[in-house]
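Scroll down for the structure; my scribbles are underneath it.
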Amino acid sequence: MQKNTNKKIELIDTKIILEKYKENIELVQRSLNQLELGISKLQSEGLVELEKLTNDLSKLQILSTSINFKAKSLICNNSKTIETLTTK
(Lines give C-alpha, C1' and ligand atoms only; values in the text may rest on other atoms or scores of the structure.)
Protein backbone atom coordinates (compact mmCIF):
# COMPACT_ATOMS: atom_id res chain seq x y z
CA MET A 1 0.00 0.00 0.00
CA GLN A 2 2.87 2.36 0.79
CA LYS A 3 4.39 1.90 -2.66
CA ASN A 4 1.11 2.71 -4.33
CA THR A 5 0.75 5.89 -2.27
CA ASN A 6 4.32 6.96 -3.03
CA LYS A 7 3.75 6.49 -6.74
CA LYS A 8 0.60 8.63 -6.57
CA ILE A 9 2.52 11.36 -4.72
CA GLU A 10 5.32 11.16 -7.30
CA LEU A 11 2.78 11.43 -10.10
CA ILE A 12 1.13 14.44 -8.46
CA ASP A 13 4.53 16.07 -7.88
CA THR A 14 5.50 15.42 -11.49
CA LYS A 15 2.19 16.85 -12.71
CA ILE A 16 2.71 20.00 -10.59
CA ILE A 17 6.25 20.41 -11.91
CA LEU A 18 5.07 19.95 -15.51
CA GLU A 19 2.32 22.55 -14.97
CA LYS A 20 4.91 25.03 -13.68
CA TYR A 21 7.12 24.32 -16.72
CA LYS A 22 4.11 24.87 -18.96
CA GLU A 23 3.34 28.20 -17.26
CA ASN A 24 6.97 29.27 -17.57
CA ILE A 25 7.10 28.28 -21.23
CA GLU A 26 3.91 30.27 -21.92
CA LEU A 27 5.39 33.26 -20.12
CA VAL A 28 8.59 33.00 -22.17
CA GLN A 29 6.54 32.74 -25.38
CA ARG A 30 4.55 35.88 -24.48
CA SER A 31 7.78 37.71 -23.68
CA LEU A 32 9.30 36.63 -26.99
CA ASN A 33 6.22 37.83 -28.87
CA GLN A 34 6.45 41.22 -27.14
CA LEU A 35 10.16 41.38 -27.92
CA GLU A 36 9.49 40.55 -31.56
CA LEU A 37 6.90 43.35 -31.77
CA GLY A 38 9.33 45.75 -30.12
CA ILE A 39 12.11 44.82 -32.53
CA SER A 40 9.79 45.21 -35.53
CA LYS A 41 8.77 48.66 -34.31
CA LEU A 42 12.39 49.70 -33.81
CA GLN A 43 13.33 48.40 -37.25
CA SER A 44 10.52 50.33 -38.91
CA GLU A 45 11.42 53.47 -36.98
CA GLY A 46 15.05 52.93 -37.93
CA LEU A 47 14.11 52.76 -41.59
CA VAL A 48 12.09 55.95 -41.25
CA GLU A 49 15.02 57.65 -39.54
CA LEU A 50 17.36 56.41 -42.27
CA GLU A 51 15.06 57.85 -44.92
CA LYS A 52 14.97 61.18 -43.05
CA LEU A 53 18.76 61.21 -42.87
CA THR A 54 18.98 60.47 -46.59
CA ASN A 55 16.65 63.38 -47.35
CA ASP A 56 18.62 65.68 -45.04
CA LEU A 57 21.86 64.65 -46.72
CA SER A 58 20.37 65.38 -50.12
CA LYS A 59 19.24 68.83 -48.93
CA LEU A 60 22.72 69.50 -47.50
CA GLN A 61 24.32 68.54 -50.81
CA ILE A 62 22.00 70.93 -52.68
CA LEU A 63 22.72 73.67 -50.13
CA SER A 64 26.45 73.03 -50.42
CA THR A 65 26.29 73.33 -54.21
CA SER A 66 24.32 76.56 -53.90
CA ILE A 67 26.78 78.02 -51.37
CA ASN A 68 29.72 76.99 -53.56
CA PHE A 69 28.13 78.69 -56.58
CA LYS A 70 27.41 81.89 -54.59
CA ALA A 71 30.92 81.93 -53.17
CA LYS A 72 32.45 81.64 -56.64
CA SER A 73 30.13 84.36 -57.84
CA LEU A 74 31.24 86.65 -54.99
CA ILE A 75 34.89 85.92 -55.70
CA CYS A 76 34.33 86.73 -59.34
CA ASN A 77 32.53 89.99 -58.52
CA ASN A 78 35.06 91.10 -55.90
CA SER A 79 38.19 90.38 -57.89
CA LYS A 80 36.69 91.51 -61.17
CA THR A 81 37.88 88.36 -62.88
CA ILE A 82 35.87 85.81 -64.73
CA GLU A 83 35.97 82.35 -63.27
CA THR A 84 34.61 79.40 -65.19
CA LEU A 85 32.48 76.91 -63.34
CA THR A 86 32.87 73.26 -64.03
CA THR A 87 30.10 70.79 -63.44
CA LYS A 88 30.79 67.42 -61.93
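Annotations for the structure displayed:
- Fraction of accessible area attributable to carbon and sulfur, segment 17-58 (%, probe 1.4 Å): 62 percent
- Other residues whose C-beta falls under 14 angstrom from the C-beta of L53 contribute a net charge of -2, scoring Lys and Arg +1 and Asp and Glu -1.
- Extension gain (nm, one decimal) between T54 and L35, 0.36 nm per residue minus Cα-Cα: 4.0 nm
- Å² of accessible area per residue within segment 1-40, as computed with a 1.4 Å probe and no ligands counted: 101 Å²
- In order along segment 35-51, the Karplus-derived 3J(HN,Hα) couplings, from 6.51 cos²θ - 1.76 cosθ + 1.60 at θ = phi - 60°, round to 4, 4, 5, x, 5, 4, 5, 4, 5, 5, 5, x, 5, 5, 5, 5, 5 Hz, and Gly and Pro are given as x.
- Fully extended contour minus Cα-Cα distance, from Y21 to T5, at 0.36 nm per residue: 3.3 nm
The values are calculated or read from the model by the stated rules, or taken from the named source; none is laboratory data. Everything quoted here is computed from the prediction, not taken from an experiment. Note: ideal-geometry Cβ built from the backbone for every residue, glycine included; neighbour counts use all protein chains shown. To get the accessible areas, we keep the full protein, side chains included, count just its heavy atoms, and leave off ligands, DNA and RNA. Shrake-Rupley method; radii C 1.70, N 1.55, O 1.52, S 1.80 Å.
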